[in-house]
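S.K.: Dropping a structure here in structure tokens format, bear with me for questions.
Read-outs throughout are calculated quantities, based only on the coordinates presented, and are distinct from any laboratory measurement. Bear in mind that the values here come from a model prediction, so they are computed numbers and not experimental data. Counting neighbours? That spans all protein chains shown, and the Cβs are built from the backbone with ideal geometry, glycine included.
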Amino acid sequence: MLPGSSKGSDKRRGRIEIVAEILEATRKGAQKTQIMYQAGLSFSQLTYYIDILLKSGLIQKFEKERRVLYKITSKGVQFLKCYKELERFLIKESEDAIVSINPQL
């Protein structure tokens, strides 16, 4: 979660954060409903993002026991890894900036 993101604040999530949450939800394979609840999206929002992620090759669609599932691809795993590195970097930079402004923290 990037500084100022929705978890723990009133700010709205950005598209990249939403994509990361969907990718996390699809690590083991998940149905649309499971992804929707885990990522906190409406069905129409989820459909929009699923379409983009399928077209970009970040997730794949498959059928298992007559259920349609979505699963993160290796490209999606790489995206998630880069996202988390950026998140850690931005959090560290944010914390460093706060300390430099108020060294007593």
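S.K.: Which members of the range 45-83 meet the condition of being among the hydrophobic types (A, V, I, L, M, F, W, C), outside any helix (DSSP H, G or I) and under 16 Å from Glu24 (Cα atoms)?
M.R.: Those that are among the hydrophobic types (A, V, I, L, M, F, W, C), outside any helix (DSSP H, G or I) and under 16 Å from Glu24 (Cα atoms): Leu58, Ile59, Leu69, Ile72.
S.K.: Restricting the search to the range 15-44, which residues are within 15 Å of Gly76 (Cβ to Cβ) and outside any helix (DSSP H, G or I)?
M.R.: Thr26, Arg27, Lys28, Gly29, Ala30, listed by residue number.
S.K.: Among (1) touching a Phe, Trp or Tyr at 6+ places or on another chain (Cβ under 9 Å); (2) closer than 19 Å to Arg12 by Cα, there is one condition Ser44 misses while meeting the rest; what is its number?
M.R.: (1)
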